[in-house]
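Chemist: A single structure is presented below for examination.
The values are calculated or read from the model by the stated rules, or taken from the named source; none is laboratory data. Please read all numbers here as calculations on a predicted model, not as lab measurements. Note that each Cβ is placed from the backbone with ideal geometry, even for glycine, and that neighbours are counted across all protein chains shown.
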Amino acid sequence: MLEKRRHKRFMLDFIELNGRLSQDDNVEILNMSFGGVALKAYRRLSIGKEYLFTLGDKDNSIDVRGTVVRCKLSGVERRYDGERASIYTAGMRFHDGSADRVADFIRNSISA
């Protein structure tokens, strides 16, 4: 199958990165590239809407603006308090010019 992605996706098994869409809205990074990120969120993200995505490791973080290109309900999880929570998977494309910043951040996280 011909790969159509502009940037190669990679898994984050080798470094500990976290993502956040707001102060209280942590997301799980499923995989990412220098041009975007696939993530798991506990709320539906609006396709076409711009979000400020914070990418961080244990010591540093950067803010990157991106636009949601896909979002779908992927399941339901039971939370620690017994309540059920909807889980969404989404894809976000970072805005032009962000690829170099993301690449530098990841390189610095790996070498730290």
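Chemist: Considering only the stretch 1-45, state which residues are surrounded by fewer than 16 Cβ atoms within 10 Å (Cβ to Cβ), at pLDDT 80 or above and part of a strand (DSSP E or B).
Modeler: Asn26, Glu28, Asn31
Chemist: OK, next. Can you name the number of the only condition in (1) under 13 Å from the mean Cα position of the chain (by Cα); (2) exposed (fewer than 12 other Cβ atoms within 10 Å of the Cβ) that Gly48 fails?
Modeler: (1)
Chemist: Go over the candidates Arg65, Arg70 one by one and state the one that is assigned to a strand (DSSP E or B), touching a residue at least 24 places away in the same chain (Cβ under 8 Å) and of a type in the set (Lys, Arg).
Modeler: Residue meeting the stated conditions: Arg65.
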